[in-house]
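Here is the structure we will look at, set down as structure tokens.
The values are calculated or read from the model by the stated rules, or taken from the named source; none is laboratory data. From a predicted model like this one, the values you see are computed outputs, not experimental measurements. A quick note on method: Cβ atoms are made from the backbone with ideal geometry, for glycine too, and the neighbour counts reach across all protein chains shown. Heads up: the accessible areas ignore ligands, DNA and RNA and are worked out on the full protein's heavy atoms, side chains in. Shrake-Rupley method; radii C 1.70, N 1.55, O 1.52, S 1.80 Å.
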Amino acid sequence: MGTLSGATAPKKSRGRKTKESIKTFVLDTNVLLHDPHSIFKFQEHHLAIPVEVLEELDAIKSEQSTERGRNARRVHRILQELLPDSHSLLEGVRLSTGGTLSVIINRYFEENNLSSPAMQRLMAVLHDPKKKDNRIIACALFVQEQSDPPTILVTKDVNVQLKARAVGLESEDYLNDKVPEQTDEEDGYREVPVSIYELQRFCSEGNLDVGETMEGQPDLVLNEYVLLRSDEDKTMPARYVGSGTVRRLRIPDSVKAPGGIPIRARNLEQQFFMDALLDDSISLITCFGKAGTGKTLISTVCAISQVLSEYGQYDGVSISRPVIALGKDIGFLPGTLEEKMKPWLQPYHDALEVLMPSKPPQDPQFATKKVAKKKVRKLHETNAADANSTGSVGPTKPYERLINSGLVEIEALCFIRGRSIARRFFILDEAQQLTPHEVKTVITRISEGSKIVLIGDPAQIDNPYVDSRSNGLVYCHNRMKGHTVSAHVKLSKGERSELAELAADLL
């Protein structure tokens, strides 16, 4: 592909482009649904939208409660502003980026003229011209024959890309919001060499200047976690806080929910994660991790412990995840919102059951805290009220008291637009299934005094419109790193069981 791909992020031109360097990009429906403003991100190149794309957008715009429906309506509004009358649809209009935009009708299909070389190639490979994907490819071939080369079909559908290339049409993905490829070394933590005396001073004082040590190496990012290592192979974890200084982690020996079991960090990366979760100055955390690395358990216990602590600044925990099924969907789920979301959030019910078992150990220290005693009393009152109203016999599970009292809330992402979430510890699971725009919608709901944690595994994606480099989780990490309020942790060591770790690595 050419070096000036319209699917890449726009860059400032050093000079006026020559006519030979101008390309024509044909946009598929999924590109506009993925990013309605993609029209303005192709620099000075020409854009063509097949009329079949408008038909697909028209069918999708009636979806009232979905992001696809909102994006389809947004695209229609943009096109209405850019193309105010029908006369400009085919001739095209000049965009502010310097390029042009036009709506294309495949004249060969309209006039039933399939004798052109492009249409013959199409019919030889794709035998059904009534399929929308095939008609969009045919429209791109029509543009290729009628305009100066090169013509490129931009689509996020891999199958359409392959079919387009099979008929001699260049095709590529929309790359504007894709992050650069990273190696495991770039995505993990770094080691900083120090002397044994510097390591001892760091242990006693809690901070250390490593500016001279890191000379000649890539700069540390604010809130980046590192491992200090001496020549004697002594190590100490730390977090970079800016101005060449690293700070010792501030984590307790263990963290626990009231009346629950203590949870300790089992490896270095979990120590990093726990430090970020317990730091009030960090409002946004992105965490990558494969299955069994402790993402759910550690984030849940740190959230609940802060909500129910004497000095906790959060009023409750909010938990959500995108509703994207693995395999065939089983259909609509009955019941209330909590009952509908329970199957999707069952991992958190499992984590709460581990953290707060039905027969928890006694915790005398917890009973001496006045604020915590009030919250626990509220849980027991809620439990008694539920028992009286339902006529049930026997206590409910401890974590059910948290949900019934409102200290733990189940959020549905489809209803989050327009909300303002204040003083809540928000956990967004499976964030790799979301688009960058959807993640932006969620994060912009977070008010002052709240914290949001995005966790997921970029290698496990079921959403057909995103991949390991364009999903909302990695996009958010890439754009937010280096800011005071954000931190990132990657968990790579499985702690669930030896079998789970082996399966995650080999299967």
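Can you tell me which residue is surrounded by the fewest Cβ atoms within 10 Å (Cβ to Cβ) among those in the range 56-72 that are among the acidic types (D, E) and either under 20 Å from the mean Cα position of the chain (by Cα) or not in a helix (DSSP H, G or I) (or both)?
Kept after step one, since they are among the acidic types (D, E), are these residues of the range 56-72: 56, 58, 63, 67.
The next check asks that each one be either under 20 Å from the mean Cα position of the chain (by Cα) or not in a helix (DSSP H, G or I) (or both); those that pass are 63, 67.
On the way: E63: 14, E67: 19.
My answer is E63.
Could you tell me which of the residues S283, S320 is closer than 22 Å to L413 by Cβ, touching a residue at least 24 places away in the same chain (Cβ under 8 Å) and open to solvent by less than 10 Å² (accessible area, probe 1.4 Å)? Before the answer, list the steps.
Working: S283 fails: open to solvent by less than 10 Å² (accessible area, probe 1.4 Å).
Only one candidate passes the filter, namely S320.
Among the candidates V246, V307, V301, which residue alone is buried (at least 22 other Cβ atoms within 10 Å of the Cβ), touching a residue at least 12 places away in the same chain (Cβ under 8 Å) and under 30 Å from G216 (Cβ atoms)?
After ruling out the rest, the residue left standing is V246.
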Those residues of the range 470-486 which are more than 23 Å from C302 (Cβ to Cβ) and either assigned to a strand (DSSP E or B) or open to solvent by 70 Å² or more (accessible area, probe 1.4 Å) (or both) amount to R479
Tell me which strands (runs of 3 or more DSSP E) are completely within the range 210-271 and hold 2 or more residues being under 28 Å from the mean Cα position of the chain (by Cα), or say none if there are none. 225-229, 235-242
Can you give me the number of residues within the range 217-238 that are over 11 Å from R190 (Cα atoms) and crowded, with 21+ Cβ neighbours inside 10 Å? 1
Which one is nearest to E269 (Cα to Cα), of the residues in the range 170-201 that are part of a helix (DSSP H, G or I) and modelled with pLDDT of 90 or more? L199
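Yes or no, residue by residue, for (1) closer than 30 Å to V160 by Cβ; (2) in contact with a Gly (Cβ under 9 Å, 6 or more places away or on another chain); (3) not aromatic (F, W, Y):
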| position | (1), (2), (3) |
| --- | --- |
| F426 | no, no, no |
| I446 | no, no, yes |
| G494 | no, yes, yes |
| S497 | no, yes, yes |
| E501 | no, yes, yes |
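Assess whether L402 counts as being among the aliphatic types (A, V, I, L, M) and modelled with pLDDT under 90.
Numbers: among the aliphatic types (A, V, I, L, M): yes; modelled with pLDDT under 90: yes.
So L402 fits the description; yes.
Matching residues to (1) assigned to a loop (DSSP other than H, G, I, E, B); (2) closer than 28 Å to G494 by Cα; (3) touching a residue at least 12 places away in the same chain (Cβ under 8 Å); (4) not polar (S, T, N, Q):
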| residue | (1), (2), (3), (4) |
| --- | --- |
| F425 | no, yes, yes, yes |
| E438 | no, no, yes, yes |
| T441 | no, no, yes, no |
| A459 | yes, yes, yes, yes |
| V466 | yes, yes, yes, yes |
Quick check: anything in the range 355-365 part of a helix (DSSP H, G or I), modelled with pLDDT of 60 or more and not β-branched (V, I, T)? yes
Can you give me the number of residues within the range 36-55 that are among the aromatic types (F, W, Y) and open to solvent by 20 Å² or more (accessible area, probe 1.4 Å)? 1
For the condition at pLDDT 85 or above, open to solvent by 50 Å² or more (accessible area, probe 1.4 Å) and out of contact with any Cys (no Cβ under 8 Å at 6 or more places or on another chain), what is the one hit in S86, S96, S102? S96
On the basis of being open to solvent by 30 Å² or more (accessible area, probe 1.4 Å), on the phi < 0 side of the Ramachandran plot and β-branched (V, I, T), does I455 make the cut? no
Considering only the range 184-203, state which residues are over 17 Å from A487 (Cα atoms) and open to solvent by less than 90 Å² (accessible area, probe 1.4 Å). E191, V192, P193, V194, S195, I196, E198, L199, F202, C203
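Determine which member of the set D148, D133 is modelled with pLDDT of 90 or more, acidic (D, E) and either open to solvent by 20 Å² or more (accessible area, probe 1.4 Å) or on the phi > 0 side of the Ramachandran plot (or both).
Among D148, D133, only D133 is modelled with pLDDT of 90 or more, acidic (D, E) and either open to solvent by 20 Å² or more (accessible area, probe 1.4 Å) or on the phi > 0 side of the Ramachandran plot (or both).
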So which of G494, G418 is crowded, with 21+ Cβ neighbours inside 10 Å, modelled with pLDDT under 85 and either part of a strand (DSSP E or B) or not hydroxyl-bearing (S, T, Y) (or both)? G494
